[in-house]
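Beneath this line is the structure, given in structure tokens, with notes to follow.
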Amino acid sequence: MKPFMKASLLALSVACALTTGARAAEKQQVYLSMSYIGNDWQAEAANMVKALAASKGYADKIDLKVQVAGPNAQRQIQQINAMVQAGAKAIVVYPISPTALNQVVKAACAKGVKIIAYDAEITEPCAYNVTIDQAEAGRKTAEWLVDKLGGKGNVVMVTGVPGTSVDTARTAAAKEVFAKHPDIKIVGEAVGMWSQAVARTELSKLLSTRKWDDINGMWMQVGCFTANSMQIEAGKTPEQLLPCAGEGSNGGRIQMLPADTKIDGASSPYVPMGAPRISYASPPYSGALALKLAVDLIEGKDVPQHTTLPLPLVTNETIKLCQTGEWEELKNGCNVFQPALVSNPGWFASIYSSELPGLGLQAALVGQPDE
Amino acid sequence: MNVSLSTDTVANGVNSRMPAVFGRSIRRARGMVVAIIVFFGLMLLQAFISPGPISYFDMSFLISGATPLALAAFGQTLVILSGGFDLSAGAVISLVNAVLAANMDPADMEASVLVWTLVGIATGMGVGAFNGLFIAIFRLQPIVVTLSTMFIIQGITLLVLNQPGGFVSPSLGTFYMGDAIPEFLPSALLLLAALALGWGWLKRTPYGVALYAVGSDRASAAAVGVRVPLVRFATYVLAGGFYGMAGVFVSAQTGSGDPTVGNPLLLSIFAAVVIGGTRLGGGKGGPVGTIFGALVLMIIVNILLALNVSAYFSTIAEGIVLICAVLLSSVSRHSVFTEQIKGAAATISAWRAGNLVSQREQTDRRLAFVTRSNPSVAEPAARPAFLKQHAETLRYAVPAYACLVLVLIATQLVLGSVFGNWNYWNSLLVLSTFLAILALGQGSVILTGGLDLSVPWMIGLSGVMLAGVVQGSDAALIYAVPMVLAMAALFGFLNGFGVVVLGLSPILVTLAMNGILQGIALLYSNGTPSGFASSGLRWFMTGHLLGVTPVIYALVLFVAGGVLLLGRTTFGRRVYALGNSVDAARLSGVRTGRVTILVYMLSAVCAGVVGILLTGFSGQASLGMGDDYLLPSIAVVVVGGALITGGRGHYLGMVGGALLLTALQTLLAGTSLPYAFRAIIFGCVVLAAVVALRERTN
């Protein structure tokens, strides 16, 4: 049974490959090499890349193929090489490692293939990178927290994946800020792995030997939504919530809205509560922007080797609810979505880019550009 | 059976030049031959479907790309042949990469290839010696020793190099990634060929023969005078050297360092070994097949690309390819699969003829002189004292609790507020719930001698589905929970089906299943899980009932149920019977296949329950939320005193293991130690906890 399934699967895909191959003859081959798709950020970023490829002005220019390498760097190396061999004009990459791909990227560049990395970096000089300034993210958010606390208090940190350059840069920059203020004390440091679920278990461990009252503020890479929910569960009122510098999840941003905001589809703790927050993010549109740059490069336009995205920072003063989530609306400055539209509070809300017209909520949710 | 295998191997070593033995060696090398055929088959397929011809460059790149995996899997094969298991392989690759990148002089473009290769190999061998010391000399279980080593090594790696960077001299890259003979022979291929030849020699040395003997039957090997500890120690050291070599190769390939580069290789390493035809448990197979297994895994990347398999389908396609590849190797007259088909055919014909046991009249056929009610034993012998009766169980279950007490005391000393702080106990119990539940499923599988690697995505898929179906509604839980658990049971059944009916290795089936489940979760959620936990489920995990989080009451019931299930039911007895000897169990009338399938279903349902509870705990489901539970689920079972090869262990011990690991993590999370030190301490404590579990001498 299984071999038969395999055979028919292969036959089917061969047929598909042949038909698309014939049609795509005049289109440029562009590949997306993702590392790991087992988390929400990656899937959202991929959706936005697909939406751009399907949008007007791109659909007839390029033929985008999406492949996943998994968490293993050797396989991504192999994949990028296979893409070059298959005739790629440009490859958009979410690199597993900033250094491991250098050799294969160099070889690809030598064949005239454009390599554009998003979110994480490739250190090989011929690669193009689209990232935020991670150190700035760590510094700005830490400064906000110090400011909120009046330069004094006990801080809990929740970091990302140890051993990655993103985590190291953010955490080091934040610690540098805290070190300048002798009255700021880091009382706990949990490894959050950039996951709300892990942040929850790690914070539970931290708080099993501590009380919320012993903590004055929190600096997190991912986990403010969870931390606020935990405080509510522990019987705190929204007014007592601790200031939290952290991620740009939709749930966290809904909590930032004033408590009397009218919204659809909310249920506690995914509700407005006026939580004191600064929200930053590695925006999931970086992949789509990388694809745009790839097309620009193929068309011979000038593209800087490193594109630093503006850091999306949202505070209680700038938070604004979107009604439909179309790009036109996002342009006017709204930055959080109705729970009725985005039912998962962990979903990443920083999807707006002025460079990517037409890519709104539908792009991030299902990979479709606005009509 | 095992004994005869080892004597065969010995005979093979002696008589290998006799033609009569030739047929048998081919049969024995079937796994390797199939891996080679599968590889070339896939290559032909690629040549057929890709637009251009396969060039020398493509081949050379493919081989160099697969070499780190092949080298590491080569080492792992030796360990597995000896009947062991090594989880530290990936961590050693990262360590060697970090050591090289951090210590090479960036100004020296012509660093000596020989010196740095030796540094890498020596580093790996050092770790191997550490493993070997505890496994061979102190007789601890390989899986838990190497798991501890893995954590310790990951910590040390971060101390050596805390983020990607460093410098590896291009001379290494030129040497290893270049050509031995330009346009004809890549250096990597030469290296692999040399190793294959080296193995051909090593296999015939006294060490090689002893390796197979030890892996087939340790007791028999010792009885015929093999110095078992020495052979096992040497195997781990040798394997460490191979991981070190893989680390050197990765460094050459990438030109710099990344402290996490090797860790994800671990599961691929096992897949390569199994595809290469080596049997887990030892004594059968060889590393040449493994090299082709690694190549197969690498060429799948090209095939998926050439077929343009959509991203969400890629893990599913890969899982199916893996199963098919291994299934091919088992198609023969004597494979489990064909035996099963023959058995089924025989059953049907017997049923037709009316000869089936169940069709016979239900009359009592016992001989007349057997006393029916057996009144003579009405007076049972006095039961031995509790301690004496349960001495074996206690010996293996108590160390986890003893260590737990030590960790609690340490927590009191370091952080204060443990004893007399109910909040601490409440958190500890809630957090232990996940591992305690997983331990019942994973523990039962391990008790039968299997292993369930599909736990992470069984958790992820269950959570994502539950959140998607309930959409925050409590009423929906009534049908959503049974639905999710039924789905989990179905996938558990498929796992068991693969193991029992298709006769595949549990590691391979469950690994492939993990990939398939990941694909299903992605397809179901379209990459973005929707929905969130209902308020009732959240209250269950985070609220309070009489000052206690409700899930703790359920945990108590669950543990009681688990103890009864494994200790007091026929199912439980059969699980232990299977773990001690499948053959003996079958001859005693146990329907071994049925029990095995049930055990995998139990494990899947437990993972499903954890997925549901985690969703309630976090309030939402996320795709990768089960990723952190695979190795801990195995660790708690072993720390709790179970034997990884099956047949020994008590569920209460495993619960103790879950409490110990959670308490330890809580202690470490409360300190402000850097992550690197936390990992090292975690590994050391787990190692210390199992020192008391050392096996007795044979």
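General remarks:
- Filter result (over 18 Å from B:Thr235 (Cβ atoms) and not in a helix (DSSP H, G or I)) within the stretch B:140-163: B:Leu161, B:Asn162, B:Gln163
- So B:Gly626, is it open to solvent by less than 10 Å² (accessible area, probe 1.4 Å), of a type outside the set (D, E, K, R) and touching a Pro at 6+ places or on another chain (Cβ under 6 Å): yes
- Identity of the residue in the stretch B:174-194, buried (at least 20 other Cβ atoms within 10 Å of the Cβ) and among the small types (Gly, Ala, Ser), that ends up farthest from the other protein chains (Cβ to nearest Cβ): B:Ser187
- One residue from A:Leu356, A:Leu297, A:Leu365, A:Leu311 being more than 14 Å from every other protein chain (Cβ to nearest Cβ) and in a helix (DSSP H, G or I): A:Leu297
- Residue within the stretch B:591-614 that is assigned by TED's automatic domain parsing to the domain that holds B:Trp457, over 20 Å from B:Asn495 (Cα atoms), in contact with a helix residue (DSSP H, G or I) (Cβ under 7 Å, 6 or more places away or on another chain) and among the polar types (S, T, N, Q) present: no
- Taking first residues from the stretch B:615-642 that are within 14 Å of chain A (Cβ to nearest Cβ) and part of a loop (DSSP other than H, G, I, E, B) and partners that are among the polar types (S, T, N, Q) and surrounded by fewer than 24 Cβ atoms within 10 Å (Cβ to Cβ), the Cβ contacts under 8 Å between residues at least 6 apart in sequence or on separate chains come to B:Ser622/A:Asn39; B:Leu623/A:Asn39; B:Gly624/A:Asn39.
- Subset of the stretch B:521-542 (residues that are of a type outside the set (Ser, Thr, Tyr), surrounded by fewer than 20 Cβ atoms within 10 Å (Cβ to Cβ) and under 30 Å from B:Ile269 (Cβ atoms)): B:Leu523
Yes or no, residue by residue, for (1) touching a strand residue (DSSP E or B) at 6+ places or on another chain (Cβ under 7 Å); (2) closer than 23 Å to B:Ser505 by Cα; (3) more than 12 Å from chain A (Cβ to nearest Cβ):
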| residue | (1), (2), (3) |
| --- | --- |
| B:Ala35 | no, yes, yes |
| B:Gly41 | no, yes, no |
| B:Ile49 | no, no, no |
| B:Ile54 | no, no, no |
| B:Ile63 | yes, no, no |
| B:Gly75 | no, yes, yes |
| B:Leu78 | no, yes, yes |
| B:Leu81 | no, yes, yes |
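- Residue check, B:Thr260 of a type in the set (Val, Ile, Thr) and at pLDDT below 90: yes
- Residues that are surrounded by 22 or more Cβ atoms within 10 Å (Cβ to Cβ) and more than 12 Å from every other protein chain (Cβ to nearest Cβ), drawn from the stretch B:157-173: B:Ser169
- From the list B:Ala317, B:Ala325, the one residue that fits, being within 14 Å of chain A (Cβ to nearest Cβ) and either farther than 24 Å from B:Asp86 by Cβ or surrounded by fewer than 21 Cβ atoms within 10 Å (Cβ to Cβ) (or both), is B:Ala317.
- Filtered residues of the stretch A:52-61 (kept if surrounded by fewer than 22 Cβ atoms within 10 Å (Cβ to Cβ) and under 20 Å from A:Gly87 (Cβ atoms)): A:Tyr58, A:Ala59, A:Asp60, A:Lys61
- Applying a threshold of 8 Å to beta carbon distances and a minimum spacing of six or more residues, or different chains, the list of pairs starting in the stretch B:582-606 at a residue that is touching a residue at least 12 places away in the same chain (Cβ under 8 Å) and ending at one that is in a loop (DSSP other than H, G, I, E, B) and surrounded by fewer than 20 Cβ atoms within 10 Å (Cβ to Cβ) reads B:Asp583/B:Met1; B:Gly593/B:Val501.
- Filtered residues of the stretch A:83-96 (kept if at the interface with chain B (Cβ under 7 Å from one of its Cβ atoms) and modelled with pLDDT of 90 or more): A:Met83
- Single unsatisfied condition, B:Val599 versus (1) part of a loop (DSSP other than H, G, I, E, B); (2) open to solvent by less than 10 Å² (accessible area, probe 1.4 Å): (1)
The values are calculated or read from the model by the stated rules, or taken from the named source; none is laboratory data. For clarity, every value in this text was computed on a predicted model and none was experimentally measured. Methodologically, a virtual Cβ is constructed for each residue, glycine included, from the backbone with ideal geometry; neighbour enumeration extends over all protein chains shown. SASA here: full protein model, heavy atoms, side chains in, ligands and nucleic acids out. Shrake-Rupley method; radii C 1.70, N 1.55, O 1.52, S 1.80 Å.
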